[in-house]
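Here the structure comes first, spelled out in structure tokens, and everything after it is commentary.
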Amino acid sequence: MSPRVVIAEDLYLLRDGLVHLLQAHGFEVVAAVESGPELLTALTVQRPDVAVVDVRLPPTFTDEGLQAALAARRAVPGLPVLVLSQHVEQLYARELLADGSGAVGYLLKDRVFNAEQFVDAVRRVASGGTAMDPEVIAKLLASTARHEPLGALTPREREVLELMAEGRSNAAISQRLFLSESAVGKHTAGIFTKLDLAPSDDDNRRVMAVLAYLNAARG
Amino acid sequence: MRRLPLRQHVVTAGRALALGTMAVADTVLIALIAVSTLFMFVGVIVAFPPTVKLVRWRTKLARRLTGRWLGAEVPASYLPPPPPVRPQADGWYRHERQLYKTPWWPEWNNRAKWMITDPATWRDGFWLLVNPFVGGILALLPLAMVGYGLAMPWYWMPQVAPLGLVVAAAGLAATPWLLRFYGWWTRLLLAPTTRSLLASKVRRLDQVRQDTADSQAAELRRIERDLHDGAQARLVAIGMTLGAVEELMEKDPAAARALLAKSREASSTALTELRDLVRGIHPPVLAERGLGDAVRALALDSPLKVTVTVDLKTRPEAPVESAAYFSISELLTNAVRHSGAERVWIDISGRGKTLRVTVTDDGSGGADPSRGSGLRGIERRLAAFDGVLAFNSPPGGPTTATLDLPYALVTPESDTPRMPRWKWVIVSFGWGLGWLPLFPQGLVTMVLKLVGTPERSWFLALYLPEPLQWPLIVFNILLGLTLYSLAFALPLVHSQKHRMAQLAPGSLRLDE
């Protein structure tokens with residue numbers, strides 16, 4: 001059965017493009033809405049497998065979409081939501097991650113350009129994983145760079161950490177960095193030891209641990 | 001509640017003596033001015049600036065003494081002195097159509113013009129001219145009364161000694177009152193008028209407007225340049241690449257594919273640049289969440305440990321919010337770059353209508369506010385909203401910057417405080433009952449009295465005995481007029497007083 005998806009985007013062209021893109025990749029678009037209140041209704045009534053949501057929506061054109069997504073997740077814990085935005089903020093990422101139940105994504109709108117990676121991110125979120133924009137992770141790491149244990153990581157370990165924080169699996173990381181999967185496993189083990197985190201084989205729990213660590217390091 | 005009335009009286013009397021003596025001695029100054037004026041008529045105008053300087057020195061003394069002794073602060077308000085004369089490119093100094101070798105003559109001319117055109121100069125002069133009479137009488141008269149009262153019995157008539165004592169006591173008692181009156185009079189002439197306060201405010205606003213317009217133009221130029229060299233150029237490149245792809249599609253699909261990938265990359269670079277540009281114009285978080293969260297987002301992106309506390313009940317208006325945000329951003333950047341700090345505390349709070357932001361770091365301090373252009377920029381940004389920056393950075397730290405933006409927060413209540421109830425009672429009483437004494441009991445009765453009709457009806461005055469009728473009619477008319485004028489004037493005075501109170505803090509700051 002194809003995953004059911006709700007799309008919220010106020011620009012017609014982009015909304016239409018997203019509908020076509022996701023339909024072409026085997027999703028069933030159950031609702032494509034253009035405002036915050038509509039989105040909240042669609043999310044709580046349709047209970048989709050995943051929602052793709054623009055942060056800025058009518059009527060206020062502030063963070064209507066994000067608020068609706070957060071409200072829906074409070075009503076339906078763990079409801080998978082992928083948030084798209086013209087800009088990414090650590091602040092919003094933290095709010096999305098705050099409930100610790102995963103199944104969230106936060107990407108720049110530009111990432112839609114690369115259809116495969118974007119669809120992969122949607123699938124990841126739908127299956128309870130995370131998809132954090134590389135820019136959010138870069139900011140997170142840049143602002144924590146001075147903190148002790150992170151400074152102890154080797155450059156390779158840092159690369160692995162970044163990809164891991166984006167929500168990628170060991171397999172995806174090994175493909176990205178042209179490493180064997182066992183080498184990636186060794187690096188992740190090294191990272192977890194240095195950061196004093198409990199190792200975990202479950203991709204999702206691993207990501208949450210890393211993100212929680214990075215957030216905590218910000219103080 | 002004075003603990004030492006006698007001592008107090010002696011001090012007051014001493015002050016009165018000093019002020020009175022000075023006032024009388026002013027005649028010498030007046031004579032000097034008269035001489036220099038005479039000189040001026042003859043053509044020796046060189047004496048003018050020193051004379052004005054002398055007068056200003058004297059009024060400065062008077063202002064200070066009035067403030068210190070008479071409890072009436074009298075701020076000065078002269079126009080700002082002219083800027084120093086600059087030589088032209090050829091090394092000559094120009095004044096109107098004349099060229100001079102040395103700056104002396106243009107300088108002198110400017111100063112003379114500055115002094116002549118300043119109304120405060122003439123008010124000073126008038127005060128000085130009248131001061132010997134007013135000051136002499138107000139300050140010395142009670143002392144003379146005391147002296148006369150004490151001396152009278154001994155010299156002339158010992159039998160009136162009690163009367164003399166009464167006169168002396170009256171003089172002593174009157175001294176503080178007369179001195180207060182003297183202070184009021186000095187203030188009246190020497191304090192800045194509403195007009196000059198407004199003039200200085202206008203001058204400042206003019207300056208601020210100029211600065212704001214300049215920085216806005218510079219900002220627009222920067223945005224134009226960024227768009228022109230960045231996103232715009234990239235879109236042109238993408239368009240050209242797509243044109244090439246169109247041609248290659250059939251001949252060389254592999255090359256076309258590579259070009260497409262390249263143009264996708266270019267479009268995402270263009271987007272990144274646009275994003276950065278937008279962030280510099282108006283950060284999206286600020287638009288979406290307001291000042292508090294925008295500063296929190298800023299704090300999260302900073303490499304330092306930044307603690308943000310926000311206590312705002314209302315959201316400031318967008319332009320003010322933006323000015324505050326960029327000022328905080330600049331201060332935070334400074335802390336990262338120069339201070340060597342590890343922690344920063346940002347506190348945003350609203351008190352009444354004032355938005356106050358404090359940025360403190362635990363760095364090494366010793367920052368010189370006059371050197372960095374960043375602080376200058378912050379001041380310019382804030383000035384557009386009457387805001388001020390206080391910067392304190394002692395060597396060894398900590399560095400604290402405080403921004404105050406008055407009138408930034410719109411409070412829901414109306415800005416004029418309500419009149420107290422007793423005033424409302426008087427006002428409604430005046431409007432409601434003023435007609436009664438004025439018309440039937442006053443004016444109409446007067447007409448009837450003038451006409452001399454025997455009809456008395458309910459006109460009270462006509463029932464009185466003949467000699468009391470006119471006084472009561474006049475009294476009634478006056479009473480009616482008083483009630484109406486009170487009803488009319490009370491709200492007016494109330495709102496005006498409040499307006500002046502609002503105006504004063506802003507304007508007094510301009511006089512520095």
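The numbers here are math on the coordinates, done by the rules we state, and not lab data. Given the structure is predicted, the values throughout are model-derived calculations rather than measurements. Every residue, glycine as well, gets a Cβ built from its backbone with ideal geometry; the counts of neighbours run over all protein chains shown.
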Check: Can you give the FRET efficiency for residue A:120 and residue A:74, using 1/(1 + (r/R0)^6), R0 = 35 Å, r = Cβ-Cβ distance, to the nearest 0.05?
Finding: 0.80
Notebook entry, point to check: For A:192, B:126, what ranking results if the residue with the fewest other Cβ atoms within 10 Å of its Cβ goes first?
Noted result: B:126, A:192
Next item on the list: Rounding to the nearest 20 debye, state how big the charge dipole of the range B:286-405 is about its Cα centre with +1 on each Lys and Arg Cβ and -1 on each Asp and Glu Cβ.
Entry: 100 debye
Note to self: For peptide A:55-62, what's the mean number of Cβ atoms from other chains within 10 Å of each residue's Cβ?
What the structure shows: 2
Check: For B:301, A:133, what's the fewest-to-most ordering of other Cβ within 10 Å of each Cβ?
Finding: B:301, A:133
Next item on the list: Using only C-alpha atoms and all pairs of different ones, pull out the Kirkwood radius for the range B:261-310 in Å with one decimal.
Entry: 12.6 Å
Checklist line | Rough spin-label spacing in nm, given labels placed 7 Å along Cα→Cβ, for residue B:173 and residue B:39 | finding: 5.1 nm
Note to self: Let's see if you can work this out: charge +1 on each Lys and Arg Cβ, -1 on each Asp and Glu Cβ, no other charges. What is the dipole magnitude of chain B about its Cα centre, in debye to the nearest 20?
What the structure shows: 1880 debye
Next item on the list: Can you tell me the 0 to 90 degree angle between the C-alpha axis of helix B:141-155 and the longest principal axis of chain B, rounded to 10?
Entry: 30 degrees
Notebook entry, point to check: Over chain B, what relative contact order in percent results from Cα pairs under 8 Å that are six or more residues apart?
Noted result: 10 percent
Checklist line | FRET efficiency, 1/(1 + (r/R0)^6) with R0 30 Å, evaluated for residue B:184 and residue B:28 via beta carbons | finding: 0.70
Check: What's the average, rounded to a whole number, of partner chain beta-carbon atoms within 10 Å of each residue's beta-carbon in A:90-101?
Finding: 2
Next item on the list: Find me the longest stretch of chain B that has none of the exposed trypsin sites (Lys or Arg not before Pro), where exposed means in a DSSP loop (not H, G, I, E or B) with at most 10 other Cβ atoms within 10 Å.
Entry: B:102-312
Margin query: Taking 32 Å as the cut-off for C-alpha to C-alpha distance, list the pairs among A:194/B:305; A:139/A:194; B:201/B:313; B:53/B:353; B:60/B:101 that go past it.
Written below: B:53/B:353; B:60/B:101
Check: When the dipole is taken about the Cα centre of the protein assembly as shown, and only Lys, Arg (+1) and Asp, Glu (-1) are charged at their Cβ, what size is it in debye, to the nearest 20?
Finding: 4020 debye
Next item on the list: Could you pull out every residue, at least 5 positions away or on a different chain, whose amide H is within less than 5 Å of the one on residue A:83? Hs are placed 1.01 Å off N in the peptide plane, and Pro or chain starts have none.
Entry: A:53, A:105, A:106, A:107
Check: To the nearest whole percent, what portion of all C-alpha pairs in the range B:210-281 is separated by more than 17 angstrom?
Finding: 54 percent
Checklist line | DSSP bridge pairs, the protein assembly as shown: antiparallel proportion in percent, nearest 5 | finding: 45 percent
Next item on the list: Give the residue from A:102, B:148, A:57 lying farthest towards the positive end of the charge dipole for the protein assembly as shown; charges sit on Cβ (+1 for Lys and Arg, -1 for Asp and Glu) and the dipole is referred to the Cα centre.
Entry: B:148
Check: Along each of its three principal axes, how wide is the spread of alpha-carbon positions in the range B:421-503, in whole angstrom units, largest first?
Finding: 58, 18, 17
Notebook entry, point to check: Mind checking the alpha-carbon convex hull of the protein assembly as shown and giving the volume per residue in Å³?
Noted result: 360 Å³
Next item on the list: Would you kindly work out the equivalent ellipsoid of chain A from its C-alpha gyration tensor and give its semi-axes, the square roots of five times the eigenvalues, largest first in whole Å?
Entry: 31, 18, 15
Checklist line | Length-normalised contact order for the range B:357-437 - Cα pairs under 8 Å, 6+ apart - percent | finding: 31 percent
Notebook entry, point to check: Could you state the number of Å between the C-alpha centres of the range A:84-105 and the range B:257-329?
Noted result: 16 Å
Checklist line | Inter-probe distance in nm under a simple model that places probes 7 Å from Cα toward Cβ, at residue A:14 and residue A:186 | finding: 4.4 nm
Check: So what's the net charge close to residue B:107: Lys and Arg +1, Asp and Glu -1, counting the other residues with Cβ under 14 Å from its Cβ?
Finding: +4
Notebook entry, point to check: So what's Rg/Rh here for chain B, counting alpha carbon atoms and using the Kirkwood radius for Rh?
Noted result: 1.16
Next item on the list: Could you work out the Rg to Rh ratio of the range A:34-101, with Rh taken as the Kirkwood radius (inverse of the mean 1/r over all Cα pairs)?
Entry: 0.93
Margin query: I need the calculated FRET efficiency for the pair residue B:475 and residue B:54, taking r as the beta carbon distance and R₀ as 51 Å, to the nearest 0.05.
Written below: 0.40
Notebook entry, point to check: Based on the Kirkwood radius over alpha-carbon pairs, what value in µm²/s does the Stokes-Einstein equation return for the translational diffusion coefficient of the range B:286-405 at 37 °C and 0.692 mPa s?
Noted result: 231 µm²/s
Item checked: Radius 9 Å from Cβ of residue B:345, net charge of other residues (Lys, Arg +1; Asp, Glu -1) -> -2
Next item on the list: Distance between Cα centroids, the range A:116-162 to the range B:156-189: provide it in whole Å.
Entry: 88 Å
